[in-house]
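Trainee: Below is a structure I'd like to ask you about.
The values are calculated or read from the model by the stated rules, or taken from the named source; none is laboratory data. This structure is a prediction, so every number in the text was calculated from the model and none was measured. All Cβ positions, glycine included, derive from the backbone under ideal geometry; neighbour counts span all protein chains shown. Each accessible area value is taken on the protein alone, full model and side chains, heavy atoms only, with ligands, DNA and RNA left out. Shrake-Rupley method; radii C 1.70, N 1.55, O 1.52, S 1.80 Å.
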Amino acid sequence: MMLYPPSQYLISVVMPCLEHLRWTEQNLGIVLAIIPYAMSESSHEVSEPFGPYQMSHEQHWAIWDNYLAQDAELASRVRGLASQHRFIDNPDLELSLNAGYATAIAATGLQAYSNQTKLPQDIFELAFLWQRCINHNLPIDVFMSLYPVLKDQWSNIAA
């Protein structure tokens, strides 16, 4: 179970993270707020989950090695969200202890796996991209039920 409801996670973690990364995609923010909650509702056991997005060590390192290493400015912004000492000592633990950093890695992971210069704008394409490329256990039914609520919330905040 998530510590915060998805709406609070959106406001307190996701929106500040995306602002820090200079990304403004509304649907990306909504997806990133729903995924941790939906994953916590999943009955699937994950052998090596790190953080609210339940990413593996291999995925975490692949995002750094294959995507962030190619974009020094974005890598610097993502690294700026990590704690100074913990990141150096145990980068995977940073996914579990730092929600902002975990969100930045999840966002860049979606971008990396999309194989496009821009992320898909369709919310469901983003959810299926996550399920296909990052975590197959994302319960799409939970995801779909939360989307309308968070879309309205985002609209109210942005207004």
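Trainee: Which shape class, rounded, prolate or oblate, goes with the chain when its Cα gyration tensor gives a ≥ b ≥ c as root eigenvalues, a/c under 1.5 marks rounded, and past that a/b bigger than b/c marks prolate? Please list the in-between numbers first.
Mentor: Details: a/c = 1.39, a/b = 1.23, b/c = 1.13.
Rounded is the answer for the chain, as its axis ratio a/c remains below 1.5.
Trainee: How large is ³J(HN,Hα) for each residue in region 67-78, as worked out from phi by the Karplus curve 6.51 cos²θ - 1.76 cosθ + 1.60 (θ = phi - 60°), to whole Hz, x for Gly and Pro?
Mentor: 10, 5, 5, 8, 9, 4, 5, 5, 4, 5, 5, 5
Trainee: Can you give me the long-range amide H partners of residue 55? Hydrogens built in the peptide plane at 1.01 Å from N, cutoff under 5 Å, separation of 5 or more residues or another chain.
Mentor: 50
Trainee: Can you give the FRET efficiency for residue 122 and residue 79, using 1/(1 + (r/R0)^6), R0 = 22 Å, r = Cβ-Cβ distance, to the nearest 0.05?
Mentor: Working: r = 30 Å, r/R0 = 1.36.
It comes out at approximately 0.15.
Trainee: What list of ³J(HN,Hα) couplings, whole Hz, do you get for region 137-145 from phi and the Karplus terms 6.51, -1.76, 1.60, once you set θ to phi - 60° and write x for glycine and proline?
Mentor: Residue by residue, region 137-145 yields 8, 5, x, 4, 5, 5, 4, 4, 6 Hz.
Trainee: Sticking with this structure for a sec: Report the charge-dipole magnitude of the chain in Debye, nearest 20, computed about the Cα centre from +1 at each Lys and Arg Cβ and -1 at each Asp and Glu Cβ. Show your work: numbers first, answer last.
Mentor: Working: 7 positive and 16 negative charges, 68 e Å.
It works out to roughly 320 debye.
Trainee: Given the options 85, 38, 74, identify the residue whose Cα lies farthest towards the positive end of the charge dipole of the chain (+1 on Cβ of Lys, Arg; -1 on Cβ of Asp, Glu).
Mentor: Selected residue: 74.
Trainee: Still on this structure, please answer the following. Have a look at 137, 124, 108 and report the one farthest towards the positive end of the charge dipole of region 80-151, computed about the Cα centre with Cβ charges (Lys/Arg +1, Asp/Glu -1).
Mentor: 124
Trainee: Got a number for carbon plus sulfur as a percent of the chain's accessible area, 1.4 Å probe? It would help to have the intermediate numbers written out before the result.
Mentor: Working: 4080 of 7930 Å².
For the chain, the apolar C and S fraction of the accessible surface comes to 51 percent.
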